[in-house]
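What follows is a short report on a single structure.
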Amino acid sequence: PECFAALNYLIIEKSDVLRDIQRQRLIPWQKRVQWTSLDTTPDNTITGCIFSNELVDALPVHLVQQTEAGLQEVYVTTTDAAATQGSALKEELGPLSTPQLAEYLSFVGIDFSPPQYPPGYRTEVHLAALNWMKTVAAKLARGYVVTIDYGYPAERYYGRARSQGTLQCYYQHAHHNDPYAHLGHQDITAHVNFTALERQGEKFGLETVGTTQQAMFLMALGLGDRLNDLAKIQDTDPATLNMAIQRRDKLHQLINPMGLGNFIVLVQAKNVDTGSRPLKGLTIPPLF
């Protein structure tokens with residue numbers, strides 16, 4: 001409560017529908033919460049923390065594929081499908097839409113030329129994530145950028161065995177890999193290249209403080225103590241006991257090494273003396 005009382009909490013939300021839902025849920029705290037956009041936020045005006053959780057994985061990506069003729073981009077077009085009495089979507093390969101795609105791979109230290117990556121190898125390039133990080137770095141005057149998401153460093157992201165990339169889809173809680181199914185009604189995501197976020201941040205004035213797994217980060221911040229407190233609740237009221245059990249289960253999900261606990265936490269700083277004030281949860285050796 002003391003921390004929250006000292007904050008102005010700004011929410012960046014583009015969806016009008018979600019803004020309305022957020023306003024309803026946050027009515028008790030509406031005096032401390034505002035909605036805004038990065039586009040209207042002047043540069044070098046934020047002092048504090050820019051925090052995101054599973055944001056970057058939802059940003060659009062370019063699909064590229066190695067061919068005998070070199071690296072090409074995957075495009076989507078339509079074809080008249082007489083058999084289906086309609087127009088069907090199909091993929092086709094073509095020249096890269098921008099030289100930034102090849103520059104990106106070089107930027108993160110990946111040599112995409114054969115024979116390291118044979119014809120047919122497909123993956124993603126995250127130009128939108130670079131643009132987002134550039135914007136975030138510009139808005140921050142002093143403080144931190146905390147990015148939590150699932151992903152890998154570049155060397156693992158573009159591993160030889162990951163020959164079809166990381167693009168995945170979710171429809172009604174079911175996982176599959178067809179981005180052309182359930183158009184407009186499913187989530188399409190790609191894992192995050194954390195090497196790209198680190199290097200882009202450093203390019204535009206951010207210092208990489210460290211990376212760790214979400215489970216270790218939260219435990220260092222006191223989540224274990226919270227779990228112990230909930231375990232000590234021995235109330236005879238069934239509703240109170242059920243509440244404690246449900247909260248413990250939810251907290252355990254955040255540190256499950258097979259799920260959310262394996263998410264990566266990336267912390268970057270700007271105009272902060274990170275040496276004299278190390279952050280809890282980032283005192284272990286970095287992941288990469």
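The values are calculated or read from the model by the stated rules, or taken from the named source; none is laboratory data. Everything numeric here is computed off the predicted structure, so don't read it as measured data. Because the Cβ atoms are built from the backbone with ideal geometry, glycine has one as well, and the counts that use them run over all protein chains shown. What goes into the accessible areas is simple: the full protein's heavy atoms, side chains included, and nothing from ligands, DNA or RNA. Shrake-Rupley method; radii C 1.70, N 1.55, O 1.52, S 1.80 Å.
With θ taken as phi - 60° and the Karplus curve 6.51 cos²θ - 1.76 cosθ + 1.60 applied, the whole-hertz 3J(HN,Hα) list for the stretch 95-101 is x, 4, 6, 7, x, 4, 5 Hz, x standing for glycine and proline.
Near the amide H of residue 192, within less than 5 Å, lie the amide hydrogens of 150, 151, 152, all on another chain or at least 5 residues away, with H placed in the peptide plane. Using volume of the Cα convex hull per residue in Å³ as the read-out, say which of (1) 131; (2) 245; (3) 193 was calculated from these coordinates. Checked against the structure: label (3).
Note on the chain: Lys pairs 8 or more places apart or on different chains, Cα atoms under 16 Å apart, count 5.
Calculated accessible area for the stretch 5-86 comes out at 72 Å² per residue, all protein chains present (probe 1.4 Å; ligands, DNA, RNA ignored). Karplus-derived 3J(HN,Hα) values for the stretch 241-247, using 6.51 cos²θ - 1.76 cosθ + 1.60 with θ = phi - 60°, are 5, 5, 4, 5, 5, 5, 5 Hz; glycine and proline are entered as x.
When the helices of the chain are scored as -39500 (n - 2.57) per DSSP H run of n ≥ 4 and the total is divided over every residue, the value at 222 nm lands at -8000 deg cm²/dmol. Between residue 156 and residue 186, the distance separating the two model label sites (each 7 Å from Cα on the Cα→Cβ line) works out to 2.6 nm. Other residues lying with their Cβ under 14 Å from the Cβ of residue 262 contribute a combined charge of -2, Lys and Arg counting +1, Asp and Glu -1. Using a probe of 1.4 angstrom and keeping all protein chains present, the accessible surface of the stretch 101-166 works out to 40 square angstrom per residue. Across the accessible surface of the stretch 26-163, with the other protein chains kept in place and a 1.4 Å probe, carbon and sulfur atoms take up 52 percent. The residues packed around residue 231, meaning those with a beta-carbon under 11 Å from its beta-carbon, carry a net charge of +2 if Lys and Arg are +1 and Asp and Glu are -1.
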